[in-house]
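Structure record follows, encoded as structure tokens.
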Amino acid sequence: MRIICTKDYDAMSRYAADRIEKEIMKKRGVVLGLATGTSPLGIYRNLAEDYSGNKISLKETYGFNLDEYKGLGREHKQSFYYYLKKNLLETTDFQKQHLHILNGNAENMDLECEEYEERIKQAGGIDIQILGLGGTGHIGFNEPDDFFPDICHTIRLEEKTIQANARFFDSPLEVPEYAITMGIGTIMRAKKIIMTVSGRGKADILYQALFGPVTPRVPASILQFHPDLTVICDEESCFVIKRKGKYVIGN
Ligand code: F6R
């Protein structure tokens, strides 16, 4: 595990984007696992800028979105498909047919999940999984539980997650109660994981995830067992880790 502590959100995003771009240039047809939300937004902005500046092409990159709200159609402005459309498809040369999306409106969610797992396998697995960290310790939408779910599944969102994500909706009542997410196993099978975390509000849970006991009550704690995990955070979210004297790489 490498923990890179950068000065702020912009530096964090730049650093993470550089890492991802290096992999894109190294491997033709690289497969990305794509988180959404505030944490990776700066990464996508950097990819878009570097695409505009002719520094990078994503034409031969593949992607699987990490999760999706249940019941939101693709054109819903808060769906994760819409987010990736706006922040990746429309801003770079990432090919629409290379983007795999969990369908939050699938009639049979179990089948949707099984097929998604199969598609990931067919693609040769995920090379780089981009993650954010939820306030509940979730990764993807894997909320605290009694066990680590293996594959893609439907999940009921924690009240804390609904409140946190209400900032994107007109009211908390509009936030879907259920979501579909890659499982912990799906995430852990990725060859590399890059997690970006920012803000003082994430400092405690980040410490628990990286240095606390590995437990499904803090789903992200499983990442301690991943052989190639890079956590890129800002000063504020690194605060507790540094206070407790744990080693981080400065930047
Ligand atoms: C998003 C996702 C979530 C978020 C997490 C943090 O696809 O899977 O795990 O990464 O809720 O969200 P932000 O980055 O908005 O604080």
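The values are calculated or read from the model by the stated rules, or taken from the named source; none is laboratory data. What you are looking at is a predicted structure, and each value in this text was computed from that prediction instead of being measured. Reconstructed Cβ throughout: ideal geometry from the backbone, glycine too, with neighbour counts over all protein chains shown.
Scanning region 58-73 for residues that are in contact (Cβ under 8 Å) with a residue 40 or more places away in the chain, assigned to a loop (DSSP other than H, G, I, E, B) and either at positive phi or touching a helix residue (DSSP H, G or I) at 6+ places or on another chain (Cβ under 6 Å) (or both) yields one hit, 71. On inspection, residue 138 qualifies as more than 28 Å from residue 53 (Cα to Cα) and surrounded by 17 or more Cβ atoms within 10 Å (Cβ to Cβ). With respect to (1) within 26 Å of residue 222 (Cβ to Cβ); (2) more than 12 Å from the ligand (Cβ to nearest atom); (3) not in a helix (DSSP H, G or I), the lone exception for residue 76 is condition (1). Scanning region 234-250 for residues that are touching a Lys or Arg at 6+ places or on another chain (Cβ under 8 Å) and either farther than 25 Å from residue 126 by Cβ or at pLDDT 95 or above (or both) yields a count of 6.
Candidates in region 9-56 are the residues that are β-branched (Val, Ile, Thr) and without any contact (Cβ under 8 Å) to a residue 40 or more places away in the chain; of these, the one that is farthest from the ligand (Cβ to nearest atom) is 56. Determine whether residue 125 is within 16 Å of the ligand (Cβ to nearest atom) and at pLDDT 95 or above. Answer is no for this residue. Within region 197-219, residues that are in contact (Cβ under 8 Å) with a residue 40 or more places away in the chain and of a type in the set (Lys, Arg) sit with their Cβ atoms under 9 Å from residues that are within 14 Å of the ligand (Cβ to nearest atom) and not in a loop (DSSP other than H, G, I, E, B), at 6+ positions apart or across chains, in these pairs: 202/233; 202/236; 202/237.
For region 139-161, indicate whether the set of residues that are within 11 Å of the ligand (Cβ to nearest atom), under 17 Å from the mean Cα position of the chain (by Cα), part of a helix (DSSP H, G or I) and among the β-branched types (Val, Ile, Thr) is non-empty. Checked region 139-161: at least one residue is within 11 Å of the ligand (Cβ to nearest atom), under 17 Å from the mean Cα position of the chain (by Cα), part of a helix (DSSP H, G or I) and among the β-branched types (Val, Ile, Thr).
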